[in-house]
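Data block below; observations after.
The values are calculated or read from the model by the stated rules, or taken from the named source; none is laboratory data. Here the structure is a predicted model, which is why all the values come from computation and not from measurement. Neighbour counts are summed over all protein chains in view; Cβ atoms, including those assigned to glycine, are modelled from backbone coordinates with ideal geometry.
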Amino acid sequence: MSDGRNLSERTPMFAKGNLVAGAKDLMLRNIAVTGLLALIIISTFLSPYFLTVDNIFNVLRQWTMVGLIAIGLTYVIISGGIDLSGGAVLALATVVGALAAPIVGSAGMIAVVILVGAVCGYINGALITWGKVPPFVATLGMMTAARGLALILSEGRTLTADLAPEFVFAFGRGYLGPIPMPVLLTGIVFITAAVVLKYTVYGRHVCLVGDNPVGAHRSGIQVEGVIRSVYTLHGVLAAMAGLLFLGRLGVGEPTGGMLFELSGIAAVVIGGTPFVGGVGSILLTFVGLMVIGLTYNILNLLSVSPYAQDFARGVIIVVAVMFSIRREAKSRARR
Amino acid sequence: MTCRQMFRIAMLAGTVFAAPVAASAQQVEIGIAQPNLEHPYRVGGIERAKDWGAEHPDVKLTIVDGRRDSATQLSGVEDLITRHISAVVLSPNDSKALAPIADAAKRANVPLIIFDRKLDVPETDFAAFIGSDNIEMGRVAARFVIEKIGEEGKVIQLEGTPGASATVDRKQGFEEEMAKHPGITVVSYVGHYRLQEAVAAMEDAVTAHRDVKAVFAHNDTMAMGAAQVLEEQRLEGVATVGMDGAKEGCEGVASGRLTGSVYYPTMFPESLDLAMKVLAGETVEKMTFLDTPMITKETHDTYCK
């Protein structure tokens, strides 16, 4: 990946120039954006219910939890790693939250849950940097262990959480105008994460660590510290997703968030972030997330047989990634 | 009357005071092998088994967790048979993979009582089977829905994990019965027996089908999720029917969020009573099928305790 081009050349999202040309460039070179637009246009024709404010906000709210995990995953994958523990940490967070809420109140519960997520993420980072465990294996272990811990703490049951109405409003069922609160919160996190990745020194360090760890180290960057920080961030975001789960559904579910990490990874790769790290875009991860979310939605709205849906989703994910990789290769060949 | 009361008090006192002492004096030990201990249905069964155990201080119950893995469950039960436990009450993780256990039990002369899921062996190889019929449950649910909404309308079906035997059977029974009513349209979505997935599927379902008259979910968790969505979207008068009737379903029916739930017996304490009869040398029915009645507001007190 170290072919000397900077990010603004590699990811069209950041290309300078006038807006129209930029948009055209974006459409042509990024299959995810084109695919999303095509999906929206086709779906609008297929179902009269699709392009309604209610439906779009439903879809956005359904995918807030996977979205938060996908943000964490974008950072992790850009840094050259992978994290499989998102769904399990989410489940652990909901269980801990449901247990903690009656004891420490809702504000304290938020703190405890975020701390649990941070600890899980930090352990992943520590295993990878100090323990020299490959990220896939370390986070696979965390995935299994966190879900096990969630089952132990809940004794295998779904726990009904005793939550303050303010918490339920802010994290789950409330609205600000037409916008559901979880969508608003997740939107803020998306924008913050995008700005941090693109405009801060820390964000640049994450990219450099993924692109060229040796160079990063020689230029004085704490490579291992950056790696631990991205896994911790991922853990915190997965725990935040757990808070949204609690707010919306009102229960701690040890089997909740099953396979969310895989949907998150799919969103990241459809958004064009390569597995080898070094580059990537939070906004394109959002586009990838919506490609998956709207695919689920339109198949549901059309009442397609549930079994055919899984098949269709699998095909769409693979085709989307195949095209985004081809585009990448072609654009490189042109240079 | 006084005699019985005295006996009860003595029993209670016995449970409280003699429990640690009794451990050494026990002769009967029954092993309970569940395929996993994380599903609410399994957890509920174990809780009822423990209640039964408290009433029978002379019987020791040993619980074996299969951890959703046939090999783990197989070796766990083999260990019980090796130490010549009095009887084994087993719900196999997989009907074929656990089949060798029947032979081992027979050779060691340990009576084997199968519950909930079948074991793929000849009837002579186990002492008794106790279970319920998931296909019949689907039919019961369908009949209840018809009773509530009449002969015409749209019904949303929230299916469990595709391919699981309970899903296949419940779907089959429901759809077979519904096919007899041409005015009814069934639209299916998958909720994987989980809350979050069910809520998401239901949101999409009611967006496309605002004229829905009833929701039938393959378990109570999903039915409760559907009820939440209906509430949020202010869709009133939609019948919500779940399945299993464990704690969740009972609470749902009691609070009025579920119109009904098809009761699926936990098989406890019935399977343990069956084991005791076998151990006492009584002849028992080879195949017992427990009823799967509808839990509604009216019948709630009978089935929910």
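List of remarks:
- Selected residue (criterion: farthest from B:TYR41 (Cα to Cα)) from residues of the range B:228-248 that are surrounded by 17 or more Cβ atoms within 10 Å (Cβ to Cβ) and within 12 Å of chain A (Cβ to nearest Cβ): B:VAL229
- Taken together, the residues in the range A:48-57 that are touching a residue at least 40 places away in the same chain (Cβ under 8 Å) and within 8 Å of chain B (Cβ to nearest Cβ) amount to 2.
- Within the range B:68-107, the set of residues being in a helix (DSSP H, G or I) and closer than 24 Å to B:TYR41 by Cβ comprises B:SER70, B:ALA71, B:THR72, B:GLN73, B:LEU74, B:SER75, B:GLY76, B:VAL77, B:LEU80, B:ILE101, B:ALA102.
- Output for the range B:229-282, where each listed residue is under 17 Å from the mean Cα position of the chain (by Cα), part of a strand (DSSP E or B) and not aromatic (Phe, Trp, Tyr): B:VAL241, B:GLY242, B:MET243, B:ASP244, B:GLY260, B:SER261, B:VAL262
- Look at (1) surrounded by fewer than 23 Cβ atoms within 10 Å (Cβ to Cβ); (2) at the interface with another protein chain (Cβ under 7 Å from one of its Cβ atoms); (3) in contact with a strand residue (DSSP E or B) (Cβ under 6 Å, 6 or more places away or on another chain) and you find that B:TYR189 fails only one, number (1).
- Hits in the range A:293-308 - residues which are among the hydroxyl-bearing types (Ser, Thr, Tyr), more than 16 Å from A:PRO48 (Cβ to Cβ) and not in a helix (DSSP H, G or I): A:SER305
- Residue check, A:ILE71 surrounded by fewer than 23 Cβ atoms within 10 Å (Cβ to Cβ) and either touching a Phe, Trp or Tyr at 6+ places or on another chain (Cβ under 6 Å) or over 30 Å from B:ALA246 (Cα atoms) (or both): no
- Only a single item in (1) buried (at least 24 other Cβ atoms within 10 Å of the Cβ); (2) small (Gly, Ala, Ser); (3) within 14 Å of another protein chain (Cβ to nearest Cβ) is not met by A:SER305, and it is number (1).
- Residue pairs whose Cβ atoms lie under 8 Å apart, separated by 6 or more positions or on different chains, with the first residue in the range B:281-305 and farther than 30 Å from B:ALA223 by Cα and the second in a loop (DSSP other than H, G, I, E, B) and modelled with pLDDT of 90 or more, are B:VAL284/B:ALA127.
- Scanning the range A:214-271 for residues that are more than 19 Å from the chain's Cα centre (by Cα), surrounded by fewer than 24 Cβ atoms within 10 Å (Cβ to Cβ) and of a type in the set (D, E, K, R) yields A:ARG218, A:GLU224.
- Condition check for B:ALA214: more than 22 Å from the chain's Cα centre (by Cα), in contact (Cβ under 8 Å) with a residue 12 or more places away in the chain and crowded, with 23+ Cβ neighbours inside 10 Å: yes
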